[in-house]
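Read the structure below first, then the notes.
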Amino acid sequence: MLSLTFTLAEPQSFALWEKLLLAALIIVSAGLFWRRFGVVLDRILQSKKDPGFHLGNLARRVWDFVSEVLLQSKVIRQRPLPGLAHAFVFWGFCAFALVTLNHVAAGFGASFLSPSGAFGRFYFYFAAAFALACAIGILGLLIRRFLVRPRWLGAKLSYESGFIAFLIFALMVTYLAAFFTTDDAPATRVLWWAHTLCLLVFLPIIPHTKHLHLVLSPATVFLSRGGFSDIPPLAGDEDFGLVAGQDLTRIVSLQAYSCVECGRCSEHCPATNTGKILNPKEIILGVRAYLNDIGPRTDEPLLGKYNSQEAVFQCTTCGSCEFQCPVGIEHLPIMIGLRRGAVNTGAWEDDYGAKLFNQLERGSNALGISAAERDKFIQREQLPIFDGTQEYCLWLGCMGGYDPKGREIVAAFARVMKHLGASFGVLRKEKCTGDPVRRLGNDLVFQQLAEANLEILAQSKVKRIVTICPHCVRTIQEDWKAYGTPPPIEHHSEFLARYAEQLPKRVQDKEKIVFHDPCYLGRYRNVYDEPRAVAATAGEVVDPPRARERSFCCGAGGGLTFLGEETGERVSHVRAQELIATGASTIGTACPFCNSMFRDALGASNQPAPQLLDIAQLVARSLPATDSGEPGKK
């Protein structure tokens, strides 16, 4: 009668022919693995070095590695159930590393973990627990891919994924089954060889499939550029961006080969969700296909056969793709790099784009309005001129200085600043920060704008800046650094939140306010609570279904608000309907671009439209009617 000891059973000895066969199979498996992986590694290393990249802030890199790779935090947080299933598979592989080494060593009579030893017994049980979780996880993922079939995974069934899932499941089952037999039972040897063959068949498949991320994604996460949507500098006058294979950098190539094809980027992309050509996953896979077929160091264009120029210029740069990616792919530097290549070489021909570039090259704002109109607005609102003695420089930006509704936001914010006694002034002259041309890839015009503005700020002796526009904050704070040192800048939501206790509270007729998170305030700068705290002074703040880091874009970013009509469904209309559906009487915003996009979308809606107000306007409504409006000193 079979005695069930529930300890791992292993063959106690192997014949010489078995050892020779095992050695031969290992050599073949490793050789086949390297035959493909060596090519991939060579393609990555042949790519040019990344300009400006350095391994700074090692503590943060180690933390990101521990959090995102070892703990699978992003995988689980953004897709809890499938994420947890994937995490159990990953943790199972980690737990199996020592078991696998011991398994192979046992085949040559050099086992170093004994089921009868204290540590060996503990570790085999420990691995068994993860093997069971891994088997359940991979079974769940198999059902999801082949039965549930979310459209983000792709319409085409991946039978290679099914085969690999079978191998992983078989690895776990053959290990667990060995606990229900004895060392001298014939089944033990069969299980041992079955486990070995699954392992050796799995290894050479890895570099041929998306499962290459098992090897590369830890390096991708660790070797990030260091910041969200961190656009790398151009390396000299002959660098125009990502034009051809010779422009692909090592980080871009590494990330292209790390894509796991999970579709999280596509699931959250506003362009993909509104019928545009753009699919961020396909952009990355297009770069990978280019590397596979042609390789780096070639002059074959990157846009054309492998990626669509039209698709690249449909990106709103909202950052959802980059935020969601579980393997550390930085989509936006790649997308903007491809735009750079098309714009800086003259390959992109667009009437709206050309008009925008000319307006910013010759004028002061992206709207193409005379600077005299800004002067009239300043005089009409009696905004103080910055003279170097005030604490804050109130940066108007293109929308705050020239857009009628944007001016209303500035006027409301100025009233609140005066009520708080904060000293501020506006510049006599101000140019666009260059945000739209930066995201569209025109480096020359952006440099001209950044340098001109930095000179104006230096001459005016500006020490601190506050603005209503998150795009201005990001561009001044991060992108201008390539051309000088900008003064510290904050968004008006941060300023107002700091004085939240001093802001007037609306006690009666408190309304329901649904707050829309601007992409450039939320995902780009991780500012979520501050604007809600400000809006809460005027009413009950509620969130739409997609909020905070999952907020759905308004459609204005990436320069798209200046490029004419969209194809497919309008992004702003989709988001506006989602906000209306909350039943809130007011939509709260914290970005003049969002305000502008929703203004048009609400006007086109068939439903009763809520009122649309910036958080500064929500606060300003409750200011005392007798407020003098005179700026104070603080």
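Residues in region 144-172 near a label at PHE93, defined as backbone nitrogen under 14 Å from the 7 Å Cα→Cβ point?
161, 164-169, 171-172
222 nm [θ] for the chain, helices only, -39500 (n - 2.57) per DSSP H run of 4+, per residue, to 500?
Computed ellipticity for the chain at 222 nm equals -15500 deg cm²/dmol.
What shape does region 554-599 have by the C-alpha gyration tensor, where a ≥ b ≥ c are the square roots of the eigenvalues, rounded means a/c under 1.5, and otherwise prolate means a/b greater than b/c and oblate the rest?
Since a/c reaches 1.5 but b/c is at least a/b, the shape of region 554-599 is classed as oblate.
Taking 0.36 nm per intervening residue step and subtracting the Cα-Cα distance, what contour gain separates HIS208 from ALA604 on full extension? Don't skip to the end; give the middle numbers.
On the way: separation 396, 0.36 × 396 = 142.56 nm, distance 4.93 nm.
The span from HIS208 to ALA604 would gain 137.6 nm if fully extended.
If I stretch the segment between ARG144 and LEU45 completely, what's the gain in nm (0.36 nm per residue apart, minus their alpha carbon distance), one decimal?
Length difference between fully extended and current span is 32.1 nm.
When the Cα centres of region 560-623 and region 111-190 are compared, how far apart do they sit, in Å?
When both Cα centres are located, 50 Å separates them.
Here are several values of semi-axes √(5λ) of the Cα gyration tensor in Å: (i) 44, 26, 25; (ii) 55, 28, 21; (iii) 38, 28, 23. Which one was derived from the coordinates shown?
From the options (i) 44, 26, 25; (ii) 55, 28, 21; (iii) 38, 28, 23, the structure gives (ii).
For region 64-87 and region 300-362, compute the distance between their C-alpha centroids and round to whole Å.
For region 64-87 versus region 300-362, the Cα centre distance is 30 Å.
Longest segment of the chain with no GluC sites (Glu not before Pro) in a DSSP loop having at most 10 other Cβ atoms within 10 Å? Before the final figure, lay out each step's value.
Details: sites that count: GLU238, GLU349, GLU565.
Maximal segment without exposed cleavage sites: 1-237.
Using the alpha-carbon atoms, what tilt in degrees (0 to 90, nearest 10) does helix 16-46 show relative to the longest principal axis of the chain?
That works out to roughly 20 degrees.
Give the span of region 245-344's Cα atoms along each principal axis, as three whole-Å numbers ordered largest to smallest.
Computed over region 245-344, the largest-to-smallest principal extents equal 34, 27, 19 Å.
Given a 1.4 angstrom probe, what's the average accessible area per residue across region 368-497, in square angstrom?
Here the residues of region 368-497 average 35 Å² of exposed surface.
Let me know the charge dipole size of the chain about its Cα centre in debye, to the nearest 20, where only the beta-carbon of Lys, Arg (+1) and Asp, Glu (-1) is charged. Spell out each step's value before the answer.
Working: 65 positive and 60 negative charges, 157 e Å.
I would put it at about 760 debye.
Consider all pairwise Cα distances in region 505-628 and report the whole-number % of them above 25 Å.
Above the 25 Å cut-off, region 505-628 has 22 percent of its Cα pairs.
All other residues with a Cβ under 13 Å from the Cβ of SER572 taken together, and with Lys, Arg as +1 and Asp, Glu as -1, what is their net charge?
With Lys, Arg at +1 and Asp, Glu at -1, the net is -2.
Distance in nm between label sites at PHE122 and GLU160, each 7 Å beyond Cα in the beta-carbon direction?
About 4.1 nm separates the two model spin labels.
Just how far, in whole angstrom, is region 23-62 from region 222-298 if you go by their alpha carbon centroids?
18
Could you work out how far helix 331-344 tilts from the main Cα principal axis of the chain, as a 0 to 90 degree angle to the nearest 10?
Helix 331-344 sits roughly 60 degrees off the main axis of the chain.
Which of the trypsin sites (Lys or Arg not before Pro) across region 273-376 are loop residues per DSSP, with 13 or fewer other Cβ within 10 Å?
Values: sites: LYS276, LYS281, ARG288, ARG297, LYS305, ARG339, ARG340, LYS355, ARG362, ARG374, LYS376; in loops: LYS276, ARG297, LYS305.
Here the trypsin sites (Lys or Arg not before Pro) that fit, given the DSSP loop and packing criteria, are LYS305.
Kindly express, to the nearest 10 degrees and within the range 0 to 90, the angle between helix 186-205's C-alpha long axis and the longest C-alpha principal axis of the chain.
40
At ALA185 and LEU81, where each label point lies 7 Å from the Cα along Cα→Cβ, what is the point-to-point distance in nanometres?
Here the modelled spin labels are 3.6 nm apart.
Leaving out ligands and nucleic acids, note down the accessible area per residue over region 245-344 with a 1.4 angstrom probe, in whole Å².
Numbers: 2640 Å² over 100 residues.
That works out to 26 Å² per residue.
Greater than 23 Å separation of Cα atoms is the criterion. Which listed pairs, LYS376/LYS431; LYS156/LYS210; LYS210/LYS281; LYS355/LYS463; LYS405/LYS463, meet it?
Flagged as over cut-off: LYS355/LYS463; LYS405/LYS463.
Give me the number: length gained by fully extending ASP230 to GLU373, i.e. 0.36 nm times residue separation minus the C-alpha to C-alpha distance, one decimal in nm.
Roughly 48.0 nm would be gained on extension.
Of all accessible surface on the chain at a 1.4 Å probe, what whole percent is carbon and sulfur?
59
Counting other Cβ atoms within 10 Å, keep those with at most 13, restrict to DSSP loop, and tell me which trypsin sites (Lys or Arg not before Pro) in region 1-100 are left.
Sparse-neighbourhood loop trypsin sites (Lys or Arg not before Pro): LYS49.
Of all trypsin sites (Lys or Arg not before Pro) in region 416-482, which ones are in loop regions per DSSP and have a Cβ with at most 14 other Cβ atoms within 10 Å?
Sparse-neighbourhood loop trypsin sites (Lys or Arg not before Pro): ARG428, LYS429, LYS461, LYS463, ARG464.
Can you compute the modelled spin-label distance between ALA581 and ARG151, with each label point 7 Å from Cα toward Cβ, in nm?
1.4
With N set to the number of residues, divide the alpha-carbon radius of gyration of region 368-497 by 2.2 N^0.38 Å and report two decimals.
Dividing the Cα Rg of region 368-497 by 2.2 N^0.38 Å gives 0.99.
If you take every DSSP beta bridge whose two residues both sit in the chain, what share of them, in percent to the nearest 5, is antiparallel?
Restricted to the chain, the bridges split so that about 5 percent are antiparallel.
The values are calculated or read from the model by the stated rules, or taken from the named source; none is laboratory data. Small disclaimer: the values here were computed from a predicted structure and weren't measured. Heads up, the Cβs are rebuilt from the backbone with ideal geometry, glycines too, and the neighbour counts pull from every protein chain shown. Accessible surface is based on the protein model in full, side chains and every heavy atom, while ligands, DNA and RNA are left aside. Shrake-Rupley method; radii C 1.70, N 1.55, O 1.52, S 1.80 Å.
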